[in-house]
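Chemist: Structure provided below as structure tokens; questions to follow.
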Amino acid sequence: MVTSVKEDYAYLLHRVPYRDQSVLAHFLTQANGKVSAVINGIKSTKNNRRALLQSTRQLRVSYTLKPGLSRLTLLELADSQPTVPNVSYFLFYQYMNELLLTILPEQLPSKTIYNSYSNSLALLNQDQPHSALRQIEMALIEQFDDLPDLTTTVDTQEQIKANCHYFFHPEHGVWSINQTGRQHYFLGSQLLAFNQLINNRDDCGHLLPDEAIAKEAKPVTRHLIDQLLNGKSLKTRTAFKDLRHYL
């Protein structure tokens, strides 16, 4: 089915050369999720739209939506005075984009993920990197996973304590002892921090930024993101040692 989308908003996730003067671009769109589209003639020296194809810029786009590759028909800046990205967080932009490219299926609409990505960019510009990464990670986790109760243990029905160790499995919940041999080992403080991420939100559903909580919850979000990756590796994790403190 072919659909003409007259106006949508988008962020560029990745682009590669495509044939002579064209580019294959992967966008995160507000209306249709991840959309892969061909942009004809964009590599021509006479085409001034090339400068618009930069990550972190919100774009206004029109396109013909088709199964497989769509075709872009309009590309312009959404804001007359776009926010200048913080270049010191370049690797973080790369990680978030690769995460979305790897996990999101093509053309799955999700305004929640789009808005979370936009909010993550804003948090990076406010020098809150842990909160920014947890924002987009949590949006993906909640899009695809039904989380079990992380406040009490399944086997003893006791409240999780910050200074104790627990075993956690996404499908089976939190246990005081390892039942299956496949559960992961976490501090209670890490599980409690993850619960705070879930519960502490503003009226728009965005996580309330708290760098200490976001940092403490990192091992749990990483484990859940790994489930979504299903064995796929991320180049940004392995290539950039500077990110290891945050991922």
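The values are calculated or read from the model by the stated rules, or taken from the named source; none is laboratory data. This one's a predicted model, so the numbers in the text were calculated from it and none came from an experiment. Reconstructed Cβ throughout: ideal geometry from the backbone, glycine too, with neighbour counts over all protein chains shown.
Chemist: Quickly run through segment 1-33 and pick out the residues that are polar (S, T, N, Q) and within 19 Å of the chain's Cα centre (by Cα). Steps first, answer last, please.
Modeler: In the first step, residues of segment 1-33 are kept if they are polar (S, T, N, Q); the result is 3-4, 21-22, 29-30, 32.
29, 30, 32 - these are the residues of segment 1-33 that are polar (S, T, N, Q) and within 19 Å of the chain's Cα centre (by Cα).
Chemist: Restricting attention to segment 154-183, which residues are over 23 Å from residue 110 (Cα atoms), surrounded by 13 or more Cβ atoms within 10 Å (Cβ to Cβ) and at pLDDT below 85?
Modeler: Answer for segment 154-183, where residues must be over 23 Å from residue 110 (Cα atoms), surrounded by 13 or more Cβ atoms within 10 Å (Cβ to Cβ) and at pLDDT below 85: 169, 172, 178, 179, 183.
Chemist: Just give me the residues in segment 204-214 being in a helix (DSSP H, G or I) and surrounded by fewer than 17 Cβ atoms within 10 Å (Cβ to Cβ), in sequence order.
Modeler: 211, 212
Chemist: Just to verify a result, which residue in segment 184-203, among those that are touching a residue at least 12 places away in the same chain (Cβ under 8 Å) and out of contact with any helix residue (DSSP H, G or I) (no Cβ under 7 Å at 6 or more places or on another chain), is surrounded by the most Cβ atoms within 10 Å (Cβ to Cβ)?
Modeler: The qualifying residue surrounded by the most Cβ atoms within 10 Å (Cβ to Cβ) is 192.
Chemist: With the structure loaded, tell me whether residue 177 is assigned by TED's automatic domain parsing to the domain that holds residue 140 and more than 24 Å from residue 103 (Cα to Cα) or whether it fails that test.
Modeler: Considered against the rule, which asks whether it is assigned by TED's automatic domain parsing to the domain that holds residue 140 and more than 24 Å from residue 103 (Cα to Cα), residue 177 comes out as yes.
Chemist: Something else: Among the residues of segment 15-30, what is the count of those that are surrounded by fewer than 17 Cβ atoms within 10 Å (Cβ to Cβ) and either modelled with pLDDT of 95 or more or in a loop (DSSP other than H, G, I, E, B) (or both)?
Modeler: Adding up the residues that qualify gives 3.
Chemist: Condition (residue is in contact (Cβ under 8 Å) with a residue 24 or more places away in the chain, on the phi < 0 side of the Ramachandran plot, part of a strand (DSSP E or B) and not β-branched (Val, Ile, Thr)) applied to segment 222-242: is it met by at least one residue?
Modeler: No - not one qualifying residue is present in segment 222-242.
Chemist: Given the condition at pLDDT 95 or above, under 21 Å from residue 143 (Cβ atoms) and either out of contact with any strand residue (DSSP E or B) (no Cβ under 8 Å at 6 or more places or on another chain) or not in a loop (DSSP other than H, G, I, E, B) (or both), answer yes or no: does some residue in segment 76-93 qualify?
Modeler: For segment 76-93, residues at pLDDT 95 or above, under 21 Å from residue 143 (Cβ atoms) and either out of contact with any strand residue (DSSP E or B) (no Cβ under 8 Å at 6 or more places or on another chain) or not in a loop (DSSP other than H, G, I, E, B) (or both): absent.
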